[in-house]
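Here the structure is laid out as structure tokens; the discussion comes afterwards.
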Amino acid sequence: MPPGRSSEELLLEPVDNARLANLAGQLDEHLRLLERRLGIEINHRGNRFRLIGEADTVAVAARVLAALYATTAAQALTPELVHLQLQQAGVDQLLEQAPADEPEVAVQTRRGVIRGR
């Protein structure tokens, strides 16, 4: 595993296939939404989830998945509810914290300098 990356195992209980299907969404759309938003990888088999990514992001993702699974007991998940749970978990503040040691990327062209965001 590359430096700075970690993984965490998450076991969601009680085992309920209907709730797990609700959590994952159609064609795993809810899980893919979490992956894209947090920059992590989610592998799952049944009620066992493995989250791979930056340590602090993985910890937040585990909390969000557990909260979403608790929500599935009462209602069906939608992408909007997944976004709402991510906002409540403070994901935006976590992702805005850029590492201070990353150099600025700039490309010099004939017409000027192009900088990355």
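No lab work stands behind these numbers, since they all come straight from the coordinates. The model shown is predicted, which means the values in this text are computed figures rather than measured ones. Here the Cβ positions follow ideal geometry from the backbone for every residue, glycine too, while neighbour counts run over all protein chains shown.
Computed 3J(HN,Hα) for the range 39-44, one whole-Hz value per residue from the Karplus formula 6.51 cos²θ - 1.76 cosθ + 1.60 where θ = phi - 60°, is x, 10, 10, 10, 10, 8, glycine and proline marked x. Running a GNM on the chain with Cα contacts under 10 Å, which residue among 76, 89, 62 ends up with the highest mean-square fluctuation? Taking springs between Cα atoms under 10 Å, the residue moving most is 76.
Maximal additional length on extending the residue 13-residue 105 stretch stands at 28.6 nm, based on 0.36 nm per residue less the C-alpha distance.
Using the Karplus relation 6.51 cos²θ - 1.76 cosθ + 1.60 with θ = phi - 60°, the per-residue 3J(HN,Hα) values for the range 20-36 come to 5, 5, 5, 4, 6, x, 5, 6, 6, 5, 5, 5, 5, 4, 4, 4, 5 Hz, with x marking Gly and Pro. For the range 1-46, the equivalent ellipsoid built from the Cα gyration tensor has semi-axes of 22, 14, 7 Å, listed from largest to smallest. Computed over the chain, the per-residue total of -39500 (n - 2.57) for DSSP H runs of n ≥ 4 gives a 222 nm mean residue ellipticity of -13000 deg cm²/dmol, rounded to 500.
Helix 55-71: angle to the longest alpha-carbon principal axis of the chain, degrees 0 to 90, nearest 10? The helix 55-71 is inclined about 30 degrees to the chain.
Would you work out which of 49, 78, 11 lies farthest towards the positive end of the dipole of the chain? Charges go on Cβ: Lys and Arg +1, Asp and Glu -1. So the residue we want is 78.
With only Lys, Arg, Asp and Glu charged, each at its Cβ (+1 for the first two, -1 for the last two), find how big the charge dipole of the chain is about the Cα centre; round to the nearest 20 debye.
On the way: 13 positive and 16 negative charges, 86 e Å.
My answer is approximately 420 debye.
Treat every Asp and Glu Cβ in the range 30-97 as -1 and every Lys and Arg Cβ as +1, leave all other atoms uncharged, and give the resulting dipole magnitude about the Cα centre to the nearest 20 debye. Mind showing how you got there, number by number?
Numbers: 7 positive and 7 negative charges, 75 e Å.
I would put it at about 360 debye.
Where a ≥ b ≥ c are the square roots of the eigenvalues of the C-alpha gyration tensor, would you call the range 30-92 rounded, which needs a/c under 1.5, or, failing that, prolate if a/b is larger than b/c, or oblate? The shape class here is oblate. With a Förster radius of 30 Å applied to the beta-carbon distance between residue 55 and residue 29, the computed FRET efficiency rounds to 0.70. Once the Cβ-Cβ distance of residue 36 and residue 63 is raised to the sixth power relative to R0 = 22 Å, the FRET efficiency obtained is 0.75.
Would you mind calculating the relative contact order of the chain from Cα pairs under 8 angstrom and at least 6 residues apart, reporting the percent as a whole number? RCO, the chain: 26 percent.
The candidate values are [x] 7.0; [y] 6.3; [z] 9.4; the one derived from this structure for mean projected area of the Cα convex hull in nm² carries the label [z]. On the basis of the beta-carbon distance and an R0 of 22 Å, residue 74 and residue 48 show a calculated FRET efficiency of 0.40.
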